[in-house]
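The values are calculated or read from the model by the stated rules, or taken from the named source; none is laboratory data. Since the model is a prediction, treat every value here as computed from it, not as a measurement. Backbone-built Cβ (ideal geometry, glycine too); neighbour counts: all protein chains shown.
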There are 2 protein chains.
Amino acid sequence: MSDGDAAEEIMCATYRALCSHGYADLTMQDIADESSKSKAALHYHYDSKHDLLCAFLDYLYEQFVERTADLDADGPLDELLARLDVILQKSEDEPETFETALLEIRAQAPYEPGFRERLQRFETYLVGEFTAVLEAGMTDGTFAADIEPEDTARFLVTVLTGASTERVTVGHSVECTRRMLRSYVRHHLLAEPEALEA
Amino acid sequence: MSDGDAAEEIMCATYRALCSHGYADLTMQDIADESSKSKAALHYHYDSKHDLLCAFLDYLYEQFVERTADLDADGPLDELLARLDVILQKSEDEPETFETALLEIRAQAPYEPGFRERLQRFETYLVGEFTAVLEAGMTDGTFAADIEPEDTARFLVTVLTGASTERVTVGHSVECTRRMLRSYVRHHLLAEPEALEA
C-alpha cells in the first residue's frame, strides 16, 4: 500500500468515525477501528488527533476543489447556480451526523489555529470562485453592472454557511434557502431580471 | 435573596463562565466560581449542567424578546432594518469567546433535544417577527406586493445565522453582512426600490 493509499484509507476512516462518534468524543482508536490500521500505525502518519483532523480538512478542501473544477455550465448564470447547488446538495446528501461533526470542528476554530487557517482557506476559495463567476457575468452582460462582485460573493457564502448551521441547530432542510438563493440570483443579480413568478 | 434574584445571579455567572471556559470544558464548579454560590447551591436550583444551560438559553431568549419588544421604529422599513441591526450589533458587541461558546452549544443540538427545542423556539420567534414586519410593510405599500414574507423572513434569519457562524469560524466582522443586508432590503424588498449608490 503506497503512502497515498494509506492516507486515503485513513481519511475515509476519519469520515466514518466522525459520522459515528461526532467530534468531541472522537479518539484515534475510533478512527483505527474504522480502518485496517492500528492506532500505532495512525500515529506513525499523524502525531495527534489534531494533526489528523487538519489533514482531514485539507482532504475535504481538495475533494471540493476537484469536484467543482469542471462544472459543466453554460455561461455565468448557469455556473453560479450550479456552484450554489453543489454546496446545498452536498449539505443535503451528507448524513446529519457528519454536518454536526463539521460544525463542532468549526466551533473549535478560535481554539485551534490549524482548524481556523483551513476554514479560512476554504472560505477564501469559495468567495474567489463566486467573485470570478460574477465578474465574468458582469463583463458579458449577464449580471447587472452595478453589483459589487466580492461583497455579493461573500453574501452568498454567508447564506450557505447559515443554511448549513441551521440544518444542524434547528434541523431545517436547505430547501427554502435553495429557493430564495435562486430567486435572489434571478431577480436581483441579472442585468435583465426575470419577473417574479407566483 | 429571592429565587428570582438567585436565578438572575446564576445566569450572569453562567455567562461569565462560558466566556472564560467555553462550553466543552465548562463545569458546575466554574459557574459557582463566578457567583457567590457554592456548587451544592447550584445543584439545589438545577439538577445538572444540561438543565442549567437549558435555563440559560431560556434566559437569553427572554432577554432578547424584551430588548426587541419596544423598538422605537418609524414604519416597517425602519423596523426591519432596526431588527436586523439589533442582532448584528449583538453579534458585534458580545465577546468572541461568548459567540464561540454559543456555537459550541448550537453544535450540540442534535445530541441534546433540550438545546434544540430552545434554538427552534428562538428561530421561530425571529422568523415570526420578521414575517410580521414584512406583511405590515406589504399592506401599507412599503414592501413589494410580490415577495413571499415567510420565505424572505427565513432567508434573513439564515443570513444572520451565517454571519454569526463566520465570526467564530473564520473571524469575520459582520460589517459586510450588514452592508449587503441593508442593500438587499433597500433595493430588493421595497415596493419602490432605491437606486444603487456607488
Which is within 22 Å of residue B:80 (Cβ to Cβ) and in a loop (DSSP other than H, G, I, E, B), of B:164, B:173? B:173
Only residues that are within 20 Å of residue A:18 (Cβ to Cβ) and at the interface with chain B (Cβ under 9 Å from one of its Cβ atoms): list them for region A:112-134, please. A:115, A:116, A:119, A:122
Which residues, counting only those in region A:8-32, are surrounded by 16 or more Cβ atoms within 10 Å (Cβ to Cβ) and farther than 18 Å from residue A:96 by Cβ? A:10, A:11, A:13, A:28, A:30, A:31, A:32
Considering residues that are part of a loop (DSSP other than H, G, I, E, B) and not charged (D, E, K, R), the number found within region B:22-37 is 7
Do we have any residue at all in region B:119-136 that's under 30 Å from residue B:48 (Cα atoms), in contact (Cβ under 8 Å) with a residue 40 or more places away in the chain and in contact with a helix residue (DSSP H, G or I) (Cβ under 6 Å, 6 or more places away or on another chain)? yes
If a residue must be within 21 Å of residue A:164 (Cβ to Cβ) and within 11 Å of chain A (Cβ to nearest Cβ), how many such residues does region B:82-104 contain? 7
Before we move on, is residue A:174 under 30 Å from residue B:120 (Cα atoms) and of a type in the set (Val, Ile, Thr)? yes
Test for residue A:5: is it under 27 Å from residue A:91 (Cα atoms), within 14 Å of chain B (Cβ to nearest Cβ) and loosely packed, with under 12 Cβ neighbours inside 10 Å: no
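Here is a list: A:112, A:99, A:104, A:117. Which entry is in contact with a Gly (Cβ under 8 Å, 6 or more places away or on another chain) and of a type in the set (Asp, Glu)? Steps first, please.
Numbers: A:112 fails: in contact with a Gly (Cβ under 8 Å, 6 or more places away or on another chain); A:99 fails: in contact with a Gly (Cβ under 8 Å, 6 or more places away or on another chain); A:117 fails: in contact with a Gly (Cβ under 8 Å, 6 or more places away or on another chain).
Answer to the selection: A:104.
Please find, among A:169, A:161, the residue that is touching a Lys or Arg at 6+ places or on another chain (Cβ under 7 Å), closer than 23 Å to residue B:95 by Cα and at the interface with chain B (Cβ under 8 Å from one of its Cβ atoms). Walk me through how you get there before you give the answer.
Working: A:161 fails: touching a Lys or Arg at 6+ places or on another chain (Cβ under 7 Å).
Criteria check complete, one pass: A:169.
Would you confirm, using the coordinates I've provided, whether residue A:151 is within 8 Å of chain B (Cβ to nearest Cβ), outside any helix (DSSP H, G or I) and at negative phi?
Values: within 8 Å of chain B (Cβ to nearest Cβ): yes; outside any helix (DSSP H, G or I): no; at negative phi: yes.
No: the conditions fail for residue A:151.
Within region B:10-21, does at least one residue satisfy the condition of being part of a loop (DSSP other than H, G, I, E, B) and farther than 26 Å from residue B:137 by Cα?
No, region B:10-21 contains no residue that is part of a loop (DSSP other than H, G, I, E, B) and farther than 26 Å from residue B:137 by Cα.
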Given (1) within 8 Å of chain B (Cβ to nearest Cβ); (2) assigned to a loop (DSSP other than H, G, I, E, B), residue A:194 misses just (1)
Looking at B:40, B:69, B:17, which is the one that is among the hydrophobic types (A, V, I, L, M, F, W, C) and at pLDDT below 90? B:69
Answer yes or no as to whether residue A:109 is under 20 Å from residue A:79 (Cα atoms) and either within 12 Å of chain B (Cβ to nearest Cβ) or more than 17 Å from the chain's Cα centre (by Cα) (or both). no
Can you name the residue in region A:172-187 that is within 9 Å of another protein chain (Cβ to nearest Cβ) and without any contact (Cβ under 8 Å) to a residue 40 or more places away in the chain and is also farthest from residue B:167 (Cα to Cα) among such residues? A:187
Could you please let me know if residue A:12 is under 18 Å from residue A:115 (Cα atoms) and modelled with pLDDT of 95 or more? no
Looking for whichever is more than 23 Å from residue A:185 (Cα to Cα) and aliphatic (A, V, I, L, M) here; the options are B:174, B:170, B:159. Which one fits? B:170
Within region B:49-74, residues being over 26 Å from residue B:22 (Cβ atoms) and of a type in the set (D, E, K, R) number 4
